[in-house]
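Okay, structure first, notes after.
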Amino acid sequence: MQLGMIGLGRMGANIVRRLMRAGHDAVVFDIDAAAVSRIASEGATGATDLDDFVAALVAPRAVWLMLPHGPTTEAHVQAMAQRLQAGDTLIDGGNSHFHDDVRRAEQLAARGIRYLDVGTSGGVHGLERGYCMMIGGDRPAFERLDPIFKALAPGRGDIPATGSREGLDARAEQGYLYCGAAGAGHFVKMIHNGIEYGMMQAIAEGFDILRNVSKASIPENRRYDLNLADIAEVWRRGSVVSSWLLDLTAEALAENPTLSRFDGVVEDSGEGRWTVQAAIEEAVPAEVLTAALYARFRSRQDHTFAEKVLSAMRYKFGGHVESKG
């Protein structure tokens, strides 16, 4: 199949590469002409502007936006609304707020344009590992583009099958899922990222406690000089807290046990705040996720080793370089 990609950053470019590896065709555009040239040299069709981009696509067109949420994505949705035709599909694979998806889907439907919101998880490792995708919006568009999602997804790999899944969607076992109407994909991804905040915070705080047990204020007979890199490694092997986040932590600690390259400033990309807002709207207690969000706010005022661990994990899975406080 053919897919058009607008946005060739950390994830957009690798999504295109993974699709081309699977035999699909790609038309690409980015405001950075060098980024377009790089992907074009690998087999994609590069476009010089949005009109050129749309002209290179075969109807019914499928256009994927992989852009920062907010004004940038909104501007490109509106630009595509003016250029696409009835029967075409517009996909937002970024981290937009699900309220925006509902509005955009209604606006585009009036023009006969189908809309999909795709919560995409995989970060900078997605090219090799694949992307976990949570998809909302027009169901027929999802079904038509299933080969695209299947190519991007991780597949079953060596993860053991879950029992008692008879009658459930087999695509979930491949790493992608149609979640429901417009906004459902980004809503599920939003909660995923809120949970991610909590898991990361728990790991980070645990390693901070392990590190500080050697402080002079601790009685000498209960003071331990622990090797954090080795502890992270042993926890990866059969422990109930083993996870990809722990894998990344172990790697970061092995490379730099003091995490001196990180200053402890931890940004939040929006989904944690939206998760807490959704919890408030639904009157659902979310103490852990809320506390994890507030911890990121506090990190911009004073920094602990826990924040350095958080920064290290964010760098490892997403290539995020934290701002200096």
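The values are calculated or read from the model by the stated rules, or taken from the named source; none is laboratory data. Note that the structure is predicted; figures quoted are calculated from it, not measured. Because the Cβ atoms are built from the backbone with ideal geometry, glycine has one as well, and the counts that use them run over all protein chains shown. The area values use the complete protein model at the heavy-atom level, side chains included, leaving out ligands, DNA and RNA. Shrake-Rupley method; radii C 1.70, N 1.55, O 1.52, S 1.80 Å.
Results, tabulated for the structure shown:
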| item | result |
| --- | --- |
| Student exercise, the chain dipole from Lys, Arg, Asp, Glu Cβ charges, in Debye to nearest 20 | 320 debye |
| Cα Rg, Dmax (largest Cα-Cα span) when computed across the stretch 13-131, Å | 14.1, 38 |
| Most mobile of I113, I91, I159 in a GNM of the chain (Cα contacts under 10 Å) | I159 |
| Proximal aspartates and glutamates to K316, defined as alpha-carbon separation beneath 13 angstrom and excluding residues fewer than eight positions away on the same chain | D247, E251, E255 |
| Loop sites in the stretch 222-277: GluC sites (Glu not before Pro), DSSP, at most 16 other Cβ within 10 Å | E267 |
| Cα long-axis angle, helix 12-21 against the chain (0 to 90 degrees, to the nearest 10) | 70 degrees |
| Inter-site label distance for Q107 and I231 at 7 Å from Cα along Cβ, in nm | 5.0 nm |
| Alpha-carbon centroid distance for the pair the stretch 136-207 / the stretch 10-69, whole angstrom | 24 Å |
| Amide N proximity, the stretch 97-138 versus S269 label position 7 Å along Cα-to-Cβ, cut-off under 13 Å | 97, 119-126, 132 |
| Phi to ³J(HN,Hα) by Karplus 6.51 cos²θ - 1.76 cosθ + 1.60 over the stretch 39-44, Hz, x for Gly, Pro | 6, 4, 5, 9, x, 7 |
| Contour excess over end-to-end distance, with Cα ends at I218 and A75 and 0.36 nm allotted per residue | 45.9 nm |
| For G137, distant residues with modelled amide H under 5 Å away | D117, G180, A181, A182, G183, A184, G185 |
| Beta bridges per DSSP with both ends in the chain, % antiparallel, nearest 5 | 20 percent |
| Prolate/oblate/rounded call for the stretch 221-280, Cα gyration tensor, a/c under 1.5 rounded | prolate |
| Debye, to nearest 20: dipole size of the stretch 1-150, +1 on Lys, Arg Cβ, -1 on Asp, Glu Cβ | 340 debye |
| Anchor K215: aspartates and glutamates whose Cα lies under 13 Å away (excluding residues fewer than 8 positions away in-chain) | D225 |
| Over the chain: helical MRE at 222 nm, DSSP H runs n ≥ 4 each giving -39500 (n - 2.57), nearest 500 | -14500 deg cm²/dmol |
| Given (1) 80, 45, 31; (2) 85, 66, 29; (3) 74, 45, 40, the label whose value is Cα extents along the principal axes in Å derived from this model | (3) |
| Most to least accessible of V58, V102 (protein chains only, probe 1.4 Å) | V58, V102 |
| GluC sites (Glu not before Pro) restricted to the stretch 130-195 and DSSP loop, no more than 15 other C-beta within 10 Å | E166 |
| 0 to 90° range, to nearest 10: angle between helix 184-212 axis and the chain longest Cα axis | 20 degrees |
| Unit charges on C-beta of K, R, D, E only; dipole of the stretch 84-207, Debye | 220 debye |
| Crossing angle, helix 244-255 versus the chain [Cα axis fit, 0-90 degrees, rounded to tens] | 60 degrees |
| Amide H contacts of L3 (H built 1.01 Å from N, under 5 Å, at least 5 apart or other chain) | D25, A26, V27 |
| Loop-exposed trypsin sites (Lys or Arg not before Pro) per DSSP, neighbour cap 10 Cβ within 10 angstrom, longest uninterrupted part of the chain | 1-214 |
| Accessible area per residue, Å², the stretch 238-281 with all protein chains present, probe 1.4 Å | 47 Å² |
| Karplus-derived HN-Hα couplings along the stretch 66-83 (A = 6.51, B = -1.76, C = 1.60, θ = phi - 60°), whole Hz, x at Gly and Pro | 10, 10, x, 5, x, x, 5, 5, 4, 4, 6, 4, 5, 5, 5, 4, 7, 10 |
